[in-house]
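Below: one structure, written as structure tokens.
Where a number appears in this text, it was derived from the coordinates with a stated rule and is not lab data. Predicted model, so just to flag it, every value in this text is computed and none were measured. All Cβ positions, even for glycine, are placed from backbone atoms using ideal geometry, and neighbour counts span all protein chains on display.
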Amino acid sequence: MSCYSSRSLRGLALACISGLLLGGAPCAQKLINKDLPRNHPQNDPYTLGQKELLEAAGILSLGGFEFGKSDTATVDRDLAVADIRWIETEHFELGFALGTYKVRAKEKKTIQIELTELSQKLPEVSLKTKQLDSWLRAHLYAHRLEKMYVEFLDLVQLTESDFPDGSAPWDMTGTYRGEGPHLGQKGKYEVLILPSEGLSVAFLDKHFGLQVRRTQRYNVPDRDTLTLTIHTQQGTLKSDEALHGHLAFNLIQNLLNGFEHYSYNIPVWLLEGMAHWAERRVTENFNTFDGAEGSLPETSRKSDWAAATKKVVTTGKAPRMATLVRKQGYGQLSLPDHYAVWSMIDFIHQTRPDGLARFIQALKGRTDENGFSDNSDLLGHHRKIFREYLGMSYSEFDTAWAEWVLSSY
């Protein structure tokens, strides 16, 4: 079982407030059917819970599916004040409990584009709205999740048909791609977004026995799924821009871990580098950093990471790949390491996208002669496929990356 802790620390004054009542109900939204709970499918103004509208939007369900250690009905009872909107799509199960959001001026252009995309699936979405109600926000995040999934498939250069349907435990006839259809996982990826630390702690304790106060990524072996729990009483996550970036940071790590099945841990330089890269594709105004349990990581509020990385290189503080690959935990990454691993992914993606895809494929999903998961001599394997698919030894990579930073940033 794998447990992680991540933190969004652009705003350093973090609220440490517990108690279920602090979750609060979302801002009032006119109910279509007052005799039903607010999160009942028939109270969704964009689909009314109607089968044909749900299918057109790519939605399988608005509740009544497995989640956490139980199901959505149980979570609703456990977190009664949360008023969670549930949405199940092709690859995700989302619980969204945030209230109405007033779009900020600097977010308007980006959200307008997203609402235009969303309106192609949900005709009732208004492009003129200046406030996103709870249901609309839930639909928007479900849309974002599926977009990130497609982008990840593009990154690793595979398609849906490359993964098994989950009907058999192992495929020993060809290239191993995991055990199920969701990038290799049998279960869909889960995301729960809550308005308070108290609600988040209550959920994590009830379902996984965790006493964690910040964002949590967790493996649920019984259901072969990876789950992500976020609350907005940390950092600056009440901003949609920050929350979207924070989601991207954490989600890509779950997708990367679940890719070709989560059977063993891969080097943190790749996980954290990919996470920073994904977040900064969404926003450069907010930064998330992973740290070791019980301690805060080195962080920065800088938005210009290109300049920061260039300074790391010119001052001789750039880490070596041979050193990075041996770091076992997020707490071992220094601030220059964070800048470097982001930039290294940027460098590889821009100059060797095919190599990056092949490298990730070869790193994940290793099996032995009996078809079982194999993480033996992972460091040696990493070195071998690094040279094979990226075309460089570690020392050659260090030089090529540093030269690229100086010429590109």
Requested in this report: Can you tell me the 0 to 90 degree angle between the C-alpha axis of helix 268-282 and the longest principal axis of the chain, rounded to 10?
Outcome: 50 degrees
Query - the range 265-409, dipole about Cα centre (Lys/Arg Cβ +1, Asp/Glu Cβ -1), debye to the nearest 20 - result: 320 debye
Query raised in the report: Relative to the present Cα-Cα distance, how much length would full extension add between ASP165 and GLU52 at 0.36 nm per residue of separation?
Result: 38.1 nm
Query - Exposure proxy ranking, count of Cβ atoms within 10 Å, fewest first, for ASP205, ASP368, ASP44, ASP162 - result: ASP368, ASP205, ASP162, ASP44
Query raised in the report: Can you give the FRET efficiency for ASP304 and SER376, using 1/(1 + (r/R0)^6), R0 = 25 Å, r = Cβ-Cβ distance, to the nearest 0.05?
Result: 0.05
**Report entry** Set of lysines with alpha-carbon distance to LYS311 below 24 Å, sequence-local pairs under 8 removed
**Finding:** LYS302, LYS327
Report summary line: By Cβ neighbour count within 10 Å, fewest first, ASP154, ASP374 rank ASP154, ASP374
Query raised in the report: Among ARG352, ARG281, ARG77, what is the fewest-to-most ranking by other Cβ atoms within 10 Å?
Result: ARG77, ARG281, ARG352
Query raised in the report: In the range 311-347, which residues have a backbone nitrogen under 16 Å from the label point lying 7 Å from ARG383's Cα in the Cα-to-Cβ direction?
Result: 320-327
Report task. Pull up the cross-link candidates among the aspartates and glutamates for LYS34, meaning alpha carbon to alpha carbon under 13 Å and not fewer than 8 places away within one chain. Result -> ASP44
Report task. Take the alpha carbon gyration tensor of the range 120-177, find the square roots of its eigenvalues, order them as a ≥ b ≥ c, and report rounded if a/c is under 1.5; if not, report prolate when a/b exceeds b/c, else oblate. Result -> prolate
Query - Percentage relative contact order, the range 1-263, counting C-alpha pairs under 8 Å, at least six apart - result: 26 percent
Report summary line: Relative contact order as a percentage, the range 59-151, C-alpha pairs under 8 Å and 6+ apart, gives 27 percent
Query raised in the report: Tell me, in nm to one decimal, what length is gained between TYR264 and LYS109 on full extension, where the rule is 0.36 nm per residue of separation less the Cα-Cα distance?
Result: 51.7 nm
Report task. Using every Cα-Cα pair within the range 265-409, state what percent have a distance larger than 24 Å. Result -> 31 percent
Requested in this report: Give the cross-link partners of LYS188 among the lysines, using a straight C-alpha distance below 17 Å as the criterion and excluding same-chain residues fewer than 8 apart.
Outcome: LYS69, LYS147
Query raised in the report: Okay, helix-only estimate at 222 nm for the chain: each DSSP H run of n ≥ 4 adds -39500 (n - 2.57), divide by all residues, round to 500 deg cm²/dmol; what do you get?
Result: -12500 deg cm²/dmol
Query raised in the report: Taking the structure as given and computing volume of the Cα convex hull per residue in Å³, which label from (1) 152; (2) 212; (3) 141 fits?
Result: (3)
